[in-house]
Amino acid sequence: MKTRFLGDHRLHPESLALRYGYESAWSEGALKPPIFQTSTFVFESAQAGKDFFALAYGLREPTADDHPGLIYSRLNNPNLELLEDRLTLWDEGEDALTFASGMAAIGTSLLAVARPGDVIVHSGPLYGGSDHLLHHVLTGFGMTPVGFAAGRPFETVRPALETALAGRRVAAVLVETPGNPTNSLVDIQAVATWAHGLEQPGARPVVMVDNTFLGPVFQHPLRWGADVVLYSATKFLGGHSDLIGGACVGSRAALAPIRALRTFLGTMADPWTGWLLLRSLETLKMRMTAQMKNARYVAEFLAEHPRVRSVHYLGLLAEDHPMFGVYRRQCVGPGSMVAFEVDGGEAEAFRFLDALRMVRLAVSLGGTESLAEHPATMTHADIPPADQLALGITPGLVRLSVGVEHYEDLLVDLGQALDAIPAR
């Protein structure tokens, strides 16, 4: 079944995630698709093999009836094709690609469009791995990162950004919104309008949005002008802390160079990961909704606690906040990521983290269990301390990914851990 309608009724993504793109008759009546754990596929004839390769390598223009034949799991695999079909549903993209990790998705996407001498504009803060890729890896390929601050109206940071660009060619704009770990927002529409309007030789910049924090349930960047949506599928898409994966969604044209490079870098996901992600997509909205509800209780509790200085949670944005209008327009919900600053610094944050009993001390996010970590010394440790402070990553900042436990149990655990911090 590869239709999104039941009669005249348009089906919702959470319903389509259970069946879209798969027929039980294809697999001996199996309700769920099997795992196609194979490296290669048998051709019906030599001519079929020739035709498949001609299409896969772009040796001929595809027709409307063409469908890439199965060749080799570095190029395509039934589990990944089915997963990619379903990944288009929430973001309403034409195409999707899956990867071995979120960093594989980001790295492959940037390398597909940027060349030596190009600039990659990015928001800040970014996930620590993305920041390292831009500032310590891609610079070795002759690419220059130029950043701008998230959490502010784009028109207020645009003049300084344009001065820093100084007429150089921008290949891509990488936006992470909400930003990791501070939940700082970026106005996707404003950035996309600016980027697509730049006058420069060659192709216009490709606007890429890392949508990992809110996931495809609570934010849809393609609607606001983004060309490519990026995910660490390890997080909410996987949702059970048992796989590593990545994904990108967009138009066929935007994803074509990324797909081509993925084939030759070999950065795609494996069949087992694809199968696990298919399982997880079926419960995506239920999990993320439950986590969001819990996060609201947690954020309100933290905001009232005497040992907490500040709380960064989208659901607590005041109406006079400069990004409140962007939040209301761009986001469907506040998600389940909470950052908060304990009263004190690193020692007090460590005291809190070590005192947790139900919430687990671990990096990553988006799983069914609640996780807490210390960004300054863990996920963002590679960023110089002065830059951390400029991005709002203070020594007392804790990042919390709220899970699906009963919220009352979470509040008790957080409360006793905060009480372990000595009074100042």
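The values are calculated or read from the model by the stated rules, or taken from the named source; none is laboratory data. Please read these numbers as outputs of a predicted model, since none were measured by experiment. Because the Cβ atoms are built from the backbone with ideal geometry, glycine has one as well, and the counts that use them run over all protein chains shown.
Selection over the stretch 79-105 of residues that are of a type outside the set (S, T, N, Q) and either on the phi > 0 side of the Ramachandran plot or in contact with a Ser or Thr (Cβ under 9 Å, 6 or more places away or on another chain) (or both) gives a count of 16.
Scanning the stretch 195-222 for residues that are more than 20 Å from the chain's Cα centre (by Cα) and either under 17 Å from residue 118 (Cβ atoms) or not assigned by TED's automatic domain parsing to the domain that holds residue 114 (or both) yields 195, 196, 198, 199, 200, 201, 202, 203, 204. Is one or more of the residues making up the stretch 20-28 modelled with pLDDT of 95 or more, not assigned by TED's automatic domain parsing to the domain that holds residue 91 and not in a loop (DSSP other than H, G, I, E, B)? No: zero hits.
Of the residues making up the stretch 150-176, those that are free of Cβ contacts under 8 Å to residues at least 60 places away in the same chain, farther than 15 Å from residue 120 by Cβ and either charged (D, E, K, R) or touching a strand residue (DSSP E or B) at 6+ places or on another chain (Cβ under 7 Å) (or both) number 5.
Restricting to the stretch 39-83, and then to whatever is in contact with a Phe, Trp or Tyr (Cβ under 6 Å, 6 or more places away or on another chain) and assigned to a loop (DSSP other than H, G, I, E, B), can you tell me which residue is farthest from residue 99 (Cα to Cα)? Of everything passing the filter in the stretch 39-83, 69 is farthest from residue 99 (Cα to Cα).
Residue by residue, here is whether (1) polar (S, T, N, Q); (2) under 28 Å from residue 143 (Cα atoms); (3) crowded, with 24+ Cβ neighbours inside 10 Å holds:
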site: 192; (1), (2), (3): no, yes, no
site: 204; (1), (2), (3): no, yes, no
site: 213; (1), (2), (3): no, yes, yes
site: 218; (1), (2), (3): no, no, no
site: 225; (1), (2), (3): no, yes, no
site: 249; (1), (2), (3): no, yes, yes
site: 265; (1), (2), (3): no, yes, no
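Here is a yes/no grid of residues against (1) touching a residue at least 40 places away in the same chain (Cβ under 8 Å); (2) in contact with a Leu (Cβ under 8 Å, 6 or more places away or on another chain):
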| site | (1), (2) |
| --- | --- |
| 17 | yes, yes |
| 35 | yes, no |
| 44 | no, no |
| 62 | no, yes |
| 77 | yes, yes |
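Going by the structure shown, is residue 75 aliphatic (A, V, I, L, M) and closer than 30 Å to residue 170 by Cα? Please lay out each step first, then the result.
Working: aliphatic (A, V, I, L, M): yes; closer than 30 Å to residue 170 by Cα: yes.
Yes: the conditions hold for residue 75.
Apart from one condition, residue 300 fits all of (1) surrounded by fewer than 18 Cβ atoms within 10 Å (Cβ to Cβ); (2) touching a strand residue (DSSP E or B) at 6+ places or on another chain (Cβ under 7 Å); (3) closer than 30 Å to residue 187 by Cβ; (4) free of Cβ contacts under 8 Å to residues at least 40 places away in the same chain; the exception is (2).
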